[in-house]
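Reviewing the structure listed below.
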Amino acid sequence: LFSTECQSKESKISVLMSAYNAEKHIEEAVQSILDQSFKDFEFIIINDGSNDSTLEKLRTFAEHDNRIRLIDQSNIGLTKSLVKMVELARGKYLARMDADDVSHKERFALQIQYLEDNLSVGMIGSWVHIIDEAGTITSKKKLVSSDKKIQRKLIYGNQFVHGSVILRKDIFFLAGGYDETFKYSQDYDLWLRVSRFLNA
């Protein structure tokens with residue numbers, strides 16, 4: 001998807017992750033972000049009212065890495081948590097991460113390089129591997145990757161994996177951000193609105 005505006009060369013990312021009772025996978029998820037080869041990011045994490053050991057594990061990470069901005073709150077759900085994190089975000093780019101996902105260590109480097117080299121591109125995602133509880137790859141999800149195909153297929157279904165997306169913050173706000181009335185599919189709703197401001 002393509003933005004109509006040119007961008008500056010600032011490259012800092014705000015990584016957004018909300019966690020609720022995610023003790024089983026939270027350590028691997030967080031570590032995969034901290035291990036990114038691209039280091040210029042802040043990591044905003046909300047503990048959304050977990051009643052397991054999620055908060056304890058997140059506090060341990062936050063004590064050892066000052067890029068983490070940890071927020072503990074009563075449960076309000078993913079969409080409202082995302083809205084809250086975006087309001088706090090200081091980066092030029094917004095990157096999503098889920099508490100039960102693992103990001104490849106070159107994810108940010110590759111995505112930011114592409115966005116920096118293609119200033120008309122407003123948003124980028126990726127293919128993903130599907131893994132089981134043991135972390136074994138069971139399949140690969142291949143999504144369409146050309147702008148024209150994305151624009152054509154987006155009206156029929158979501159063409160992005162939420163946890164793989166990085167987008168420019170100005171495009172996010174131009175499109176109106178996440179709609180808090182959506183408990184689910186808040187990402188798909190946002191992509192549809194983002195596409196109205198981008199070239200086909």
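The values are calculated or read from the model by the stated rules, or taken from the named source; none is laboratory data. Quantities reported herein were computed from a predicted structural model and do not represent experimental measurements. Glycine gets a Cβ as well: all are built from the backbone with ideal geometry, and neighbour counts include every protein chain shown. These accessible areas exclude ligands, DNA and RNA; they are computed on the full protein's heavy atoms, side chains included. Shrake-Rupley method; radii C 1.70, N 1.55, O 1.52, S 1.80 Å.
Whole number please: convex hull volume per residue, Cα atoms of region 42-104, in Å³. Display every interim value, and only then the final one.
On the way: hull volume 6.3 nm³, N = 63.
For region 42-104, the hull spanned by Cα atoms encloses 99 Å³ per residue.
Shape class of region 88-200 from the alpha-carbon gyration tensor: rounded, with the ratio a/c of largest to smallest axis under 1.5. Among L16, L88, the sequence by solvent-accessible area, most first, with a 1.4 Å probe is L88, L16. Structural descriptor for region 16-63: relative contact order 58 percent, calculated from alpha carbon pairs under 8 angstrom and at least 6 residues apart. A cut-off of 5 Å between modelled amide H atoms, ignoring neighbours fewer than 5 places along the same chain, links F41 with I13.
Packing here is the average count of other Cβ atoms within 10 Å per residue, and on that basis the peptides 176-187, 141-152, 112-123, highest first, run 112-123, 176-187, 141-152.
Rounded to the nearest 10 square angstrom, W127 shows an accessible area of 130 square angstrom against a 1.4 Å probe.
Taking every C-alpha pair closer than 8 Å and separated by at least 6 residues, the mean separation divided by the residue count of region 61-172 gives a relative contact order of 33 percent.
Using a cut-off of 30 Å between Cα atoms, the listed pairs K57/K153; K105/K149; K57/K149 include K57/K153; K57/K149 as exceeding that distance.
Considering only S14, S103, S50, the Gaussian network model of the chain with Cα springs below 10 Å gives its largest mean-square fluctuation to S50. Per residue, the chain exposes 51 Å² of solvent-accessible protein surface, assessed with a 1.4 angstrom probe and all protein chains in place. Over the chain, Cα pairs under 8 Å with separation of 6+ residues give a relative contact order of 28 percent. Taking the C-alpha atoms only, the angle from helix 78-88 to the longest principal axis of the chain is near 80 degrees.
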